[in-house]
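Q: I have a structure I would like to understand better, so I am pasting it below and will then ask my questions one at a time.
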Amino acid sequence: MVMGKYYITTPIYYPNARPHIGTAYTTILADYLARVRRSLGDDVFFLTGTDEHGMKLSKAAKEKGLTPQQFVDQLADEFKVIWKELDISYDRFIRTTDEDHLKTVQDIILRCKENGDIYKGYYEGLYCVDCEQYYTEKDLVDGKCPIHGKPVEHLSMESYFFSLSSYQDKLLKFYEENPEFLPDRFATEVINRVKGGLRDISISRPKRYLDWGVEFPGDPEHVVYVWFDALTNYLTGVGYSTDKKMFGKYWPADVHLIGKDIIWFHCVIWPAMLMSAGLPLPKRVAANGFLTVNGQKISKSLGNVIDPVEIKNRFGTSDILRYYLLREIPFGSDGDFSLESVRERYNNELVNEFGNLVNRVLIMFGKYGREGSGVDEGLFEEFEGIVDRYLRHLEDLKLKQAVDTLWQTVSLANSYINRKEPWKLAKDNPEEAGRVVRTLAEYLVFLDAYLYPLLPEGTTRLAEHLGFDHPPKITELKPFGENLQPERIREGGLILYKRV
Ligand code: MSP
């Protein structure tokens, strides 16, 4: 992997209800990647936040008897609390009501306008408020929104348009020249749809219809349509309208991580907007599938939500959520969330395979670790082979394969113990027992560094037990055998995860 800067984003979420596990999913994946990249020495900027304008929020606020601003203030705070509970290490939490964002939106519109891509017209069509998206008759399923299964509204109004249609060839050329840009499993579908022709899109609403939004530059009677507003958050987040130096450093984004339902916006509309505004395009859009319960998408609108904080509390650690989501579901596929399989993975893998390994090694180290000298390089060579494969999968964003591979480092240590049986060696050959156990303790330092993005809570506790302030960065690791300072290791074992 070539190291440098790494700008990663999540979608900004509609704060019309607390985040559920479906919304936490992308955020957790992004957090994992952000932590990996920091550990590998990249200068990372990780952006997440809330998408606060639009009809959906305005309606939700009204139902609660609040102004939209009061309503989104409350929920944005809730999002922050929950992300903290889940150890989400974002660098900025952006809100589309932030002052600097309003400036960015207006500026981008002006740039697109200068480029001749914005004109006033008349809009007539079908609209799903839950999606904040237009549909045509043929998109609907039984006359209803294909995502939410709810009736759509018939809208007819004056509107500004963005001439998306003039970007068809440029987009197709861009996809061809940048095969990494489109999300793996969905690339062909996007390309075919773009080849099928693009229609200009409505990008404003008359204020009399909706006044909760960014004022359209040059026309106080209109507000900017929520998606045009939302997408530009990725520019605001790294200082587009406040800090040119920062913007120059981080833009373009290295990866926009999103859910598969918003691919069109990120892979077609967004690059066209950026082309029109004369800005560099993001390097990659990567999309996860949906989390389902009994095969049905988890969604606020469908009312089958699972609270991620409840899962954390049930198992006593947020590590289980990221571990489960990364390991259970191939990135890009839909995956069914089942508490039973969370419990199985937790007990078998976190408690037994990793937790027991840590505890056994620490106890054995206390008993036999101080005899003799040196470590066993052979174990480390095997470890390096696994890690190489792990990093290659990561580079390709094959996240499940990556984590499956990474976990082999845990199995490797367990089989090393079973093979060497240090407690038997201790009787006849205490020096060899000491070497084996020191090898394992040193190995824990490497595991700690590599597993940190996946299990930040557990590895932080292990680091402290081993005498470090924090799990070491991968780039900070010294050669095998030179990291552990035996006098700093705390006495006794360590129970990282309790059986549930
Ligand atoms: N506000 C827009 C995004 C704007 S980004 C410039 C939006 N918000 S959302 O809150 O409705 O959804 C945000 C993300 O959450 C989407 O990527 C969506 O796919 C994801 N998910 C919502 N429910 C989900 C699941 N059940 N499973 C996986 N992802 C889910 O769209």
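Q: Wholly within the range 339-401, which helices (runs of 4 or more DSSP H) include no fewer than the required count, namely at least 2 residues that are over 21 Å from Arg322 (Cα atoms) and among the polar types (S, T, N, Q)?
A: It comes to none.
Q: Name the residue, out of Gly366, Gly378, Gly374, that is of a type in the set (Gly, Ala, Ser) and without any contact (Cβ under 8 Å) to a residue 12 or more places away in the chain.
A: Of Gly366, Gly378, Gly374, the one residue that is of a type in the set (Gly, Ala, Ser) and without any contact (Cβ under 8 Å) to a residue 12 or more places away in the chain is Gly378.
Q: Return the residue satisfying two criteria in turn: it lies in the range 25-57 and is closer than 30 Å to Ser204 by Cα and assigned to a helix (DSSP H, G or I), and of such residues it is farthest from the ligand (Cβ to nearest atom).
A: Ranking the candidates gives Met55 first.
Q: When you go through Ala60, Ala76, Ala17 one by one, which is the residue that is at pLDDT below 95, away from the ligand (no atom under 11 Å from the Cβ) and within 30 Å of Glu153 (Cα to Cα)?
A: Ala60
Q: Continuing with this model, one more query. I'm trying to understand the selection: among the residues of the range 183-221, which are part of a strand (DSSP E or B), out of contact with any Gly (no Cβ under 9 Å at 6 or more places or on another chain) and more than 16 Å from the ligand (Cβ to nearest atom)?
A: Listed by number, the residues that qualify are Pro206, Glu215, Phe216, Asp219, Pro220, Glu221.
Q: Show the residue pairs meeting these rules: Cβ distance below 8 Å; 6+ apart or different chains; first residue within the range 259-270 and near the ligand (Cβ under 7 Å from one of its atoms); second residue of a type in the set (S, T, N, Q).
A: Gly259/Thr26; Gly259/Asn288; Lys260/Asn288
Q: Something else about it: Applying the selection to the range 248-270, what residues are under 19 Å from Tyr6 (Cα atoms) and not β-branched (Val, Ile, Thr)?
A: Result: Gly248, Lys249, Tyr250, Trp251, Pro252, Ala253, Asp254, His256, Leu257, His266.
Q: Check off (1) surrounded by 14 or more Cβ atoms within 10 Å (Cβ to Cβ); (2) under 24 Å from Asp87 (Cα atoms) for Lys498 and give me the number that stays unchecked.
A: Answer for Lys498: the failing condition is (1).
Conditions (1) crowded, with 19+ Cβ neighbours inside 10 Å; (2) part of a loop (DSSP other than H, G, I, E, B); (3) of a type outside the set (Gly, Ala, Ser); (4) at pLDDT below 95, marked per residue:
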position	(1), (2), (3), (4)
Asp229	yes, no, yes, no
Val238	yes, yes, yes, no
Lys245	no, no, yes, no
Pro252	no, yes, yes, no
Pro271	yes, no, yes, no
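Q: Do you know which residues across the range 154-197 are in contact with a Leu (Cβ under 7 Å, 6 or more places away or on another chain) and modelled with pLDDT under 95?
A: His154
The values are calculated or read from the model by the stated rules, or taken from the named source; none is laboratory data. Because the structure is a prediction, the values reported are computed rather than measured. Note that we place each Cβ from the backbone using ideal geometry, even for glycine, and neighbour counts take in every protein chain shown.
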